[in-house]
Amino acid sequence: MPSDIIFGHVGHLANEEVVLHLIKVKCLPVFLYGVDVCTVNVSIMRPLEFTVKCTMIKLFRTYDNGIINSSMSFVGLTTVSELVSQCINRFQLKCNLLDNLLCSVSQSQ
């Protein structure tokens, strides 16, 4: 995941808030690119969730799910499944606004 690049450059020199902001702004969009047009099932979601969880484990230096989940919610980072749902909803809204034959055919299916 691109978060390894961020850890490599700023490491643990920057505080967690800065690293989380970089992950939210730079890594997650790359990580979730294209997921809005794909069929997402459990076999796809599990590795995505695992990758984000490993990043949080590395950042907060803990394996405790309670700490990780509360820290993520405290900084406004939702779960990957919620992020994927948001991406899909945004994509569908944009498609609905377009006057395009391909979009209208895909919406009818």
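Just a few scattered comments:
- Local charge for V75 was computed over the other residues whose Cβ lies under 11 Å away, with Lys and Arg +1 and Asp and Glu -1, and equals -1.
- Residue list for the range 26-69, given a label point 7 angstrom along the Cα-to-Cβ vector of L98 and an amide N cut-off under 12 Å: 37
- Rounded to the nearest 0.05, the FRET efficiency derived from the C-beta distance between M45 and V75 at R0 = 25 Å is 0.70.
- Each residue in T39, T78 was given a count of other beta-carbon atoms within 10 angstrom of its own, and listing them fewest first yields T39, T78.
Since every read-out is calculated from the coordinates, none of them should be taken as a lab result. Because the structure is a prediction, the values reported are computed rather than measured. Every residue, glycine as well, gets a Cβ built from its backbone with ideal geometry; the counts of neighbours run over all protein chains shown.
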